[in-house]
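These notes concern the structure reproduced below.
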Amino acid sequence: MTPATEPPVASAPGGGLSPRPFHPHSNHRPPRSGPPPQRSPARPEGPIPPSRLRLLAAVFPVLLGCQTPTPAATTPSAAPPAPAAATPSNASPTTKRDEPNTLHGIYSEAQAARGAEVFDRICSECHEAADWTDPAFLERWEEASVFRLWHWVYERMPHGNPGTLAREQVTDALAYIFQLNGLPAGPAELASDDDSIDDYWIIWSPNDAPILR
């Protein structure tokens with residue numbers, strides 16, 4: 001294959017060479033038309049003018065003031081503990097003698113009389129009246145609840161046939177036992193329901209305790 005040859009360059013008027021025409025398959029770029037682009041002059045380096053420093057000094061605090069700081073989260077402080085209730089130094093401890101008990105007249109004379117009849121008719125087959133005043137019996141039931149002694153008689157008596165006594169018979173027999181031991185009678189009878197019986201403690205030693213009923 002014969003290599004392609006470029007056309008001859010014509011002479012320009014006055015003896016110079018005319019510009020070579022652009023060929024589409026040529027490796028040469030076409031000449032740039034117009035004046036060459038101008039580069040922007042480099043910014044001269046040097047100190048910042050005083051006028052600009054004054055402007056920055058005036059604007060910078062304003063920009064800082066526009067920033068609202070985020071408030072720090074606060075943790076609520078624990079409430080102070082409540083002061084302990086003051087206990088009077090001269091207060092004496094409460095005992096069962098200070099609470100309602102058999103020294104306060106919790107049965108009536110008529111009730112004790114009915115209890116004596118129950119004792120003679122049923123209890124005397126196995127017991128004597130002295131059994132209920134024996135020191136061993138008194139020591140066993142000292143400061144126990146009336147409710148406890150009442151249920152002991154109700155569930156265990158009479159021997160050989162326990163649980164056959166009516167509630168009123170047990171209460172009357174208990175009033176008779178109290179009378180045998182010198183405990184004072186009061187104006188009202190001892191009730192036979194559990195709540196009423198459970199209100200009192202057994203204290204055997206008589207004293208001058210007032211009647212509460």
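Would you say SER192 is free of Cβ contacts under 8 Å to residues at least 40 places away in the same chain, within 14 Å of SER108 (Cα to Cα) and under 47 Å from the mean Cα position of the chain (by Cα)? Spelling it out, SER192 is indeed free of Cβ contacts under 8 Å to residues at least 40 places away in the same chain, within 14 Å of SER108 (Cα to Cα) and under 47 Å from the mean Cα position of the chain (by Cα).
Among the residues of the stretch 85-96, is there at least one that is at pLDDT 65 or above and surrounded by 10 or more Cβ atoms within 10 Å (Cβ to Cβ)? Among the residues of the stretch 85-96, at least one is at pLDDT 65 or above and surrounded by 10 or more Cβ atoms within 10 Å (Cβ to Cβ), which makes the answer yes.
Considering only residues in the stretch 117-135 that are over 55 Å from the mean Cα position of the chain (by Cα) and crowded, with 17+ Cβ neighbours inside 10 Å, the one that is nearest to ILE177 (Cα to Cα) turns out to be PHE119. Scanning the stretch 136-185 for residues that are among the polar types (S, T, N, Q), more than 16 Å from ILE106 (Cβ to Cβ) and surrounded by 14 or more Cβ atoms within 10 Å (Cβ to Cβ) yields one hit, GLN169.
The values are calculated or read from the model by the stated rules, or taken from the named source; none is laboratory data. Everything quoted here is computed from the prediction, not taken from an experiment. Glycine gets a Cβ as well: all are built from the backbone with ideal geometry, and neighbour counts include every protein chain shown.
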